Amino acid sequence: MKIANHDGRSLLVIDEHHGIDIAEASDGRFGPAPESVLQSWDEFAAWARALNVEGSHAIPLERARLGSPSPAPRQIIAVGLNYSAHAAESGFDVPDQLPPTFTKFVSSITGPDTDVRLPHNGHTDWEVELVVIIGREGHRIAEADAWDHVAGLAAGQDISERISQLQGPAPQFSLGKSFPGFAPIGPWLVTPDEFENRDDLALGCSIDGETVQEGRTRDLIFPVASLIARLSATITLLPGDVIFTGTPAGVGVGRSPQRFLQPEERLRTWVEGIGELNQHFIASDDQPGSNLS
Ligand code: ZN
């Protein structure tokens with residue numbers, strides 16, 4: 001099943017234009033807020049699977065009203081260098097035990113279709129990623145049990161301003177990846193059972209129709225289950241938490257010559273079996289941000 005955040009209310013998606021309001025259909029047992037549905041995910045999923053969809057009241061689903069399927073996670077965990085071709089283009093060795101791990105601060109999250117203001121004097125880059133949304137709390141989760149902790153998958157963009165990302169004496173990633181609108185997620189959460197092979201999904205993105213990234217999640221160095229096991233060896237994963245799983249090759253900073261997003265460019269991002277995101281970039285307002293130069 002697919003669960004959308006429609007104006008802050010959880011919707012069971014029937015098709016691209018219709019959904020069932022979860023709070024209404026469950027007489028207030030679940031929702032309306034997406035956070036509360038994620039908080040009681042296992043109970044909710046059992047109820048939703050037993051729901052008589054044909055006998056339920058459907059309402060219009062409007063794409064412009066979609067927000068992030070997990071709009072306010074307590075933790076966002078993002079990993080880098082999780083595809084070997086991307087590690088190579090970035091000039092780094094492939095990680096063997098743990099990928100580089102950072103956060104995108106929660107204020108950078110948006111829904112799937114947005115205008116994004118480019119930072120002042122920035123080098124703003126694209127990174128298509130498969131996003132995992134956690135549905136069950138866990139610490140030291142065994143790899144064999146990891147998928148049971150996943151509520152669903154979504155498409156994500158780890159938009160990254162490379163100057164502030166790489167600034168300073170020690171590498172720090174989180175600020176350059178957390179400007180407003182830098183973490184679009186959506187268009188909805190898709191439960192893992194919906195995929196023929198949840199570990200092999202095509203993903204990519206294009207700028208004004210030109211494909212710049214194309215990959216498959218079977219090439220992840222640490223696939224979803226392995227990532228959950230390795231991250232939860234340290235962190236307690238909580239319902240609603242969001243994991244950005246890393247980007248395949250084809251980012252702008254790894255190109256020769258380098259290429260970065262320009263005002264009025266349109267970035268389209270897709271993940272097979274999930275859907276797409278659409279970002280339209282607008283010119284900087286010339287107010288210095290974390291990149292103060
Ligand atoms: Zn990334």
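The values are calculated or read from the model by the stated rules, or taken from the named source; none is laboratory data. For clarity, every value in this text was computed on a predicted model and none was experimentally measured. Reconstructed Cβ throughout: ideal geometry from the backbone, glycine too, with neighbour counts over all protein chains shown. SASA here: full protein model, heavy atoms, side chains in, ligands and nucleic acids out. Shrake-Rupley method; radii C 1.70, N 1.55, O 1.52, S 1.80 Å.
Which shape class, rounded, prolate or oblate, goes with region 1-115 when its Cα gyration tensor gives a ≥ b ≥ c as root eigenvalues, a/c under 1.5 marks rounded, and past that a/b bigger than b/c marks prolate?
prolate
Projecting the alpha carbon convex hull of region 171-267 along each direction and taking the average yields 8.5 nm². Summed over qualifying helices (DSSP H, 4 residues or more, each -39500 (n - 2.57)) and divided by its residue number, the chain shows a 222 nm mean residue ellipticity of -3000 deg cm²/dmol. Shown are His120, His86, whose ranking by accessible area with a 1.4 Å probe and every protein chain present, most to least, is His120, His86. At q = 0.10, 0.12, 0.13 Å⁻¹ the log10 of I(q)/I(0) for the chain amounts to -0.50, -0.73, -0.85, computed by Debye summation with a single uniform scatterer per C-alpha, solvent ignored. Relative to one another, the C-alpha centroids of region 271-286 and region 1-50 are positioned 25 Å apart.
Once a ≥ b ≥ c are taken as the square roots of the eigenvalues of the Cα gyration tensor of region 226-293, is the result rounded (a/c under 1.5), prolate (a/b larger than b/c) or oblate (a/b not larger than b/c)? Prolate. Note on Gln75 and Ile59: the extension gain reaches 2.6 nm, defined as 0.36 nm multiplied by sequence separation minus the Cα-Cα distance. With both labels modelled 7 Å from their Cα along Cα-to-Cβ, the Asp145 to Arg268 distance reads 4.3 nm.
Seen from all sides and averaged, what is the projected area of the convex hull of the Cα atoms in region 60-204, in nm²?
It is 10.5 nm².
Approximating the spin labels as points 7 Å out from Cα along Cα→Cβ, the Glu210-to-Arg255 distance works out to 0.5 nm. Projecting label points 7 angstrom from Cα along Cα→Cβ for Asp193 and Ile163 puts them 5.0 nm apart.
Decide, for region 2-67, between rounded, prolate and oblate: order the square roots of the alpha carbon gyration tensor eigenvalues as a ≥ b ≥ c, take rounded if a/c falls under 1.5, and otherwise choose prolate if a/b is larger than b/c, else oblate. In terms of gyration-tensor shape, oblate. Please report the spacing between the Cα centers of region 228-269 and region 57-79 in Å, no decimals. Value for the Cα centre distance between the two parts: 18 Å.
In plain terms, the chain from Leu238 to Gln172 could stretch by 21.3 nm, reckoned as 0.36 nm per residue minus the Cα-Cα distance.
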